[in-house]
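Each value in this text was obtained by applying a stated rule to the coordinates, not by laboratory testing. Computed from a predicted model, the values in this text were never measured in an experiment. A quick note on method: Cβ atoms are made from the backbone with ideal geometry, for glycine too, and the neighbour counts reach across all protein chains shown.
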Amino acid sequence: MNLLTAQAPGGVPSSGKGLALGIWRFILVALALVLSLGFTQVAVAQADPDREMTTAAPGITADQWRQVRSGETGPNYRDSRYESDYSLINSSGETWREIRNRWVSPFGLIAVFGMAALIALFYFIVGRKELEAPRTGRLLLRWTLMKRALHWTVATLFIILALTGMTLLFGKFVFRPLFGDGIWAWMIAATKVLHNYLGPIFGILLVILLVSLIKENIPKKHDWVWFKKGGGMIGKKHVDAGFANGGEKAWYWILATVGILVIASGFVLDFPNFNQGRDTMQWANIIHAVGALGLTAISLGHIYIGTLGTEGALEGMTTGYVDETWAKEHHNLWYDEVKDQTLSEEEVAARKSSGGSSEPSATRTS
Amino acid sequence: MAQMKFMCDAERCIECNGCVTACKNANDVEWGIQRRRVVTLNDGEADEMSISVACMHCDDAPCMAVCPTDCFYKTDDGIVLHDKDLCIGCGYCLYACPFGAPQFPQQDAFGERGKMDKCTFCAGGPAESKEEEYEKYGSNRIAEGKLPLCAEMCSTKALLAGDAQDVADIFRQRVVHRGHKDGAWSNNPQASADNLAYDAAHKG
């Protein structure tokens with residue numbers, strides 16, 4: 001302004017001076033215009049939010065958050081992370097957590113310990129099932145060396161997997177406060193390694209065991225009667241049973257169904273290198289945990305009946321031979337088929353010392 | 001004590017990935033791991049939206065609830081941290097996390113994933129020495145009185161980090177200033193009833 005007022009009264013300006021003045025005027029007018037425009041814009045924005053919104057980029061709407069929540073990853077979904085196919089929000093994660101922590105965990109514990117308590121109660125009230133007649137001393141081959149080896153390998157692996165699996169689920173409540181972080185860190189790491197590396201071996205061996213025993217475990221009519229009579233506990237009469245009784249067949253088919261599910265889901269969890277998604281593994285984990293805890297609970301019954309619960313049962317799986325009386329009382333239909341093959345203890349000892357390779361096949365369908 | 005929170009203002013995020021880079025730089029994160037990621041929905045469409053996500057340091061953290069080794073803990077500032085010495089790489093935190101925050105250096109057969117890694121809110125983790133802490137968890141800016149580098153570096157200040165109350169206050173002011181009639185809750189039928197913008201204007 002000083003410039004303008006100083007120059008204006010100067011009379012007739014030279015042509016050079018006039019040009020400079022014109023430029024200065026133009027700049028000032030332009031500046032004033034720009035400034036005033038700026039001020040009015042601000043004033044408009046403050047006064048009228050609606051008008052601003054018509055020119056601004058659209059705001060984020062509830063629909064977009066709904067889209068996020070749905071876990072949708074359409075063709076125009078981008079994730080800056082390398083090889084990431086995760087949706088923005090893992091909607092099923094919380095469901096998995098709820099099912100695992102609220103239901104599977106506590107009820108699994110109740111199932112396993114409840115079963116143990118029931119078996120203890122049964123043992124104290126009913127007691128061990130003794131042989132009714134004296135042993136004859138004549139023995140029958142029930143389990144070949146191969147099947148015994150397979151059974152005990154699978155059984156040992158099952159127990160290790162059940163213990164390590166339960167440590168993964170419940171260990172932090174027991175062992176961490178008990179041992180402190182140093183030992184707990186080592187223990188839980190070993191637990192996971194054992195579980196993950198022995199699991200597949202168990203899976204393969206269980207399938208082989210199931211295949212090798214399928215002939216003896218085809219359900220028959222008398223198995224239904226066996227169940228109706230509670231395996232002989234209801235009524236005084238003995239119930240018919242072939243090589244495998246109704247209960248053994250039930251355990252077989254539980255392993256053949258639930259066991260296979262547990263193995264399959266275990267493989268899904270154990271081999272993340274196939275790029276299966278988070279959601280797949282959530283479901284695999286629930287199936288695996290429910291199935292495995294169920295099997296663990298039922299296995300306690302199998303272990304009880306095979307050891308403490310029944311006189312003469314365990315020796316079949318350890319030595320391979322059972323007493324004639326035991327066979328007659330527990331597996332009468334099988335006994336009828338093989339009663340001409342009984343051996344004296346001396347004959348059995350002779351066979352075993354000769355290497356066991358001459359063991360005849362003990363498997364008979366019944 | 002403070003309750004530390006991240007918040008990403010989706011209306012400001014321009015998908016520049018500066019936060020991702022800043023995080024990798026500040027924490028020297030292992031190859032193949034990105035603690036923070038930027039997700040864009042409807043890329044190239046009118047309703048395009050970008051948002052930067054990492055561990056959100058949940059109040060009721062699902063990772064903490066499902067961890068078989070109990071390796072997670074919460075600091076007094078409400079930051080969820082984990083002990084890599086206890087981590088066995090089972091992946092459960094990843095199944096449970098709503099934000100896909102936990103990551104593993106490997107993904108091999110027999111569940112060999114290595115130790116889980118995730119955003120620490122630039123608060124390091126349990127270690128014997130500073131060097132060990134940096135090696136395992138990255139920098140501990142919180143101990144130095146600084147906020148996470150991702151938020152500090154954010155060019156549009158879309159990503160906010162700090163005490164939940166401060167973050168909420170800043171966002172509320174923005175909402176008021178933007179002048180949305182219904183606050184940040186556009187198209188929400190409940191908005192006019194709740195009168196969120198009015199409440200915000202009077203509180204902010």
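Per-residue 3J(HN,Hα) values for the range A:168-175, derived from phi via the Karplus relation 6.51 cos²θ - 1.76 cosθ + 1.60 with θ = phi - 60°, read 5, 8, 10, x, 5, 7, 10, 7 Hz in sequence order (x marks Gly and Pro).
Residue by residue through A:87-99, how many Cβ atoms from other chains fall within 10 Å of the Cβ on average? For peptide A:87-99, the averaged partner shielding equals 5.
For B:M116, the residues 5 or more places off, or on other chains, whose built amide H falls under 5 Å of its own are B:G89. Close amide H pairs (under 5 Å, H built 1.01 Å from N) link B:F99 with A:N90, residues at least 5 positions away or on another chain.
Ranked by the mean number of other Cβ atoms within 10 Å of their residues, highest first, the peptides B:138-148, A:112-122 come out as B:138-148, A:112-122.
Using the rule -39500 (n - 2.57) for each DSSP H run of four or more residues, divided by the residues of the protein assembly as shown, the 222 nm mean residue ellipticity is -16000 deg cm²/dmol. The rule of thumb for compact globular proteins, 2.2 N^0.38 Å, goes into the C-alpha radius of gyration of the range A:194-316 1.27 times. Remark on A:T310: its backbone amide H falls under 5 Å from those of A:K129, a criterion applied only to residues 5 or more positions apart or on other chains, H modelled at 1.01 Å from N.
In terms of its C-alpha gyration tensor, the range A:103-353 has a prolate overall shape, because the principal axis ratio a/c (a ≥ b ≥ c, square roots of the eigenvalues) is not below 1.5 and a/b outweighs b/c. Annotation for A:W152 and A:F170: the two label points, set 7 Å from Cα along the Cα-Cβ direction, are 2.8 nm apart. Beyond 48 Å, the tail of the calculated P(r) for the protein assembly as shown holds 39 percent of the Cα pairs. Note that the range A:109-119 has calculated 3J(HN,Hα) couplings of 5, 4, 4, 5, 6, x, 5, 4, 5, 4, 5 Hz, one per residue in order, obtained from phi through the Karplus relation 6.51 cos²θ - 1.76 cosθ + 1.60 (θ = phi - 60°); glycine and proline are x.
Going 7 Å from the Cα of A:I159 in the Cα-to-Cβ direction, what parts of the range A:183-211 have a backbone nitrogen less than 11 Å from that spot? Under 11 Å, as judged by backbone N against the label point of A:I159, lies no residue of the range A:183-211. Listed by Cβ neighbour count within 10 Å, with the fewest neighbours leading, A:I99, A:I23 appear as A:I23, A:I99. Express in whole angstrom the spacing between the alpha-carbon centres of the range B:125-152 and the range B:40-69. That distance is 22 Å. Legend: mean number of C-beta atoms from other chains within 10 angstrom of residue C-beta atoms, peptide B:62-71, equals 6.
Under the simplified labelling scheme, the B:E135-B:D108 pair shows an inter-label distance of 2.0 nm, with each label point 7 Å from Cα along Cα→Cβ. Separation of the alpha carbons by more than 29 angstrom is noted, of B:K115/B:K157; A:K229/A:K352; B:K24/B:K84, for B:K115/B:K157; A:K229/A:K352.
Projecting the Cα atoms of B:A10, A:I23, B:Q106 onto the charge dipole of the protein assembly as shown (Cβ charges, centred on the Cα centre) puts B:Q106 farthest toward the positive pole. For the peptide B:112-122, the mean number of other protein chain Cβ atoms found within 10 angstrom of a residue's Cβ is 1.
Per-residue Karplus couplings for the range B:73-80, computed as 6.51 cos²θ - 1.76 cosθ + 1.60 with θ equal to phi - 60°, are listed in order as 8, 10, 7, 5, 8, x, 8, 8 Hz, Gly and Pro entered as x. Could you give the dipole magnitude of the range B:4-161 about its Cα centre, charging the beta-carbon of Lys and Arg +1 and that of Asp and Glu -1, in debye to the nearest 20? Rounded to the nearest 20 debye, it is 120 debye. From the alpha carbon centroid of the range A:106-149 to that of the range A:272-324 is 14 Å.
As a proxy for reagent exposure, ranking A:K328, A:K236, A:K229, B:K130 by other Cβ atoms within 10 Å from fewest up yields A:K236, B:K130, A:K229, A:K328. Residue order for B:H177, A:H195, fewest other beta carbons within 10 angstrom first, comes to B:H177, A:H195.
Taking label positions 7 Å along the Cα-Cβ direction at both A:T61 and A:L118, the computed distance is 5.6 nm, reported to one decimal. Bridge orientation summary for the protein assembly as shown: considering DSSP beta bridges with both residues in this region, about 95 percent are antiparallel. Of the cross-linked pairs B:K5/B:K146; A:K220/A:K339; A:K215/A:K236; A:K129/A:K220; A:K215/A:K249, which ones have a Cα-Cα span greater than 19 Å in the structure shown? Violating the 19 Å limit, Cα to Cα: A:K220/A:K339; A:K215/A:K236; A:K129/A:K220.
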